[in-house]
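The values are calculated or read from the model by the stated rules, or taken from the named source; none is laboratory data. Note that this is a predicted model, so its numbers are computed, not measured. Cβ coordinates were reconstructed from backbone atoms using ideal geometry, including for glycine residues, and neighbour counts include every protein chain displayed. Please note that ligands, DNA and RNA were not included when accessible areas were found on the heavy atoms of the full protein model with its side chains. Shrake-Rupley method; radii C 1.70, N 1.55, O 1.52, S 1.80 Å.
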Amino acid sequence: MSDVKESTYSFPETLEALLSGVQDSDDVRILGGCTSSETSGKSLGKRNLHTSAVPELHVFEKHERHFEIGAAVTLNELLYSEHIKIPGVLQNAIGSVATFALRNVATIGGNLCTKWHRMTLWAPLLALDAKLIFRKNTKDTKINPEPISKYESAPIPDDLLLTRIRVPVDDWDYAFFTRVGPELSVTRESGSYTFLASLIRNKISSVRIAFAGPTVITNHTLKLDAEMDLIGQKVPLKSSIINEIVSNAEKHLDSLEDSVSQIVKSQCLNLIRTSLEKLKELPL
């Protein structure tokens, strides 16, 4: 006899109706594109609420220094949007996700809210310092965007409904994104990596590093900000500087003990070295 629970499905047509449905049930799941293994069989709730019919979750808003997108916007809708121009690293990240057909139904909110793994968009959105906008209930009308980094060490709680993602639009002199792991699937060895750098008079003025997969590693994790390993360095970078930075990053990763696997450590260190070597090649 199957142990898959009996489930009901509904398609609220307003954000208030969706929030009311969440409040009225103890065993409820919010569904987006339903492309994750978390949205099948025993992972479903007794009551399942789909976001596809909620207009408030499909918005595109362009502002002077940032843009906002609804959590139910599909990856291809964002990738090919005529409303906003998305940063190159985010564009590359979306384009690397699975197949065109899957990106037609997979949502940005679903990519961020998957619990067992930090999916592909985490790295670029962390590096870009994106903000997440939540609603908790129908009475919760005050919206305070929260930095995505707040949730890098633990999944987004079930009692928060992700409604929008706010992405800053900054100019970076160098931007690098890549994925590791299987091309069309996600495993414990899968990860995404983003490196951003700004220059002033051929010296590095700002750096953002983000690796996301089974865990999250950023320049804050590696304490590169505190130690100022990169800030103020002149480009092209010398090989000795690259070696020193990678060595310091390795020491910090080793200090995290069992929270980061050896495979993830190796992937992250290789990607840091690769991005620094590419930065070394920038023209004066």
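How large is Rg over Rh for region 90-215, taking Rg from the Cα atoms and Rh as the Kirkwood inverse mean of 1/r across Cα pairs?
My calculation puts Rg/Rh at 0.99.
In whole percent, how big is the carbon plus sulfur part of the accessible area of the chain, probe 1.4 Å, protein atoms only?
49
Taking all protein chains together and a probe of 1.4 Å, list V260, V59 from the most accessible to the least accessible.
So, going from the largest accessible area down, we get V59, V260.
Give me the accessible area per residue for region 96-213, probe 1.4 Å, as a whole number in Å².
Accessible area per residue: 44 Å².
Given the DSSP H assignment, sum -39500 (n - 2.57) over each helix run of at least 4 residues in the chain and divide by its residue total; what's the result at 222 nm in deg cm²/dmol, nearest 500?
-7500 deg cm²/dmol
If we count trypsin sites (Lys or Arg not before Pro) as exposed when they sit in a DSSP loop and have at most 16 other beta carbons within 10 Å, what is the longest stretch of the chain that avoids them all?
With a cap of 16 other Cβ atoms within 10 Å, the longest stretch comes to 239-284.
What do you get for the angle between helix 262-280 and the principal long axis of the chain? Use alpha-carbon atoms, 0 to 90 degrees, nearest ten.
Taking the Cα atoms of the chain, the angle to 262-280 is about 60 degrees.
Mind listing the phi-derived Karplus ³J(HN,Hα) values for region 125-139, rounded to whole Hz, using 6.51, -1.76 and 1.60 with θ = phi - 60°, and x for any glycine or proline?
Running phi through 6.51 cos²θ - 1.76 cosθ + 1.60 with θ = phi - 60° gives 6, 5, 5, 7, 6, 5, 10, 10, 10, 10, 10, 10, 7, 5, 8 Hz.
Excluding V180 itself, calculate the net charge of residues whose Cβ lies under 14 Å from the Cβ of V180, where each Lys or Arg counts +1 and each Asp or Glu counts -1.
+3
Across the chain, where is the longest run that never hits chymotrypsin sites (Phe, Trp or Tyr not before Pro) in a DSSP loop with at most 16 other C-beta atoms within 10 Å?
By the stated rule (loop sites, at most 16 other Cβ atoms within 10 Å), 117-284.
If the elastic network links every pair of Cα atoms under 10 Å, which of Q267, Q23, Q91 fluctuates the most in the Gaussian network model of the chain?
Of the options given, Q23 has the highest mean-square fluctuation.
Relative to the first principal axis of the alpha-carbon coordinates of the chain, what is the inclination of helix 239-255, with its axis defined by its Cα atoms, in degrees from 0 to 90 and to the nearest 10?
The answer is roughly 40 degrees.
Equivalent-ellipsoid semi-axes (√(5λ), Cα gyration tensor) for the chain, whole Å, largest first?
Working through the eigenvalues yields semi-axes of 36, 21, 16 Å.
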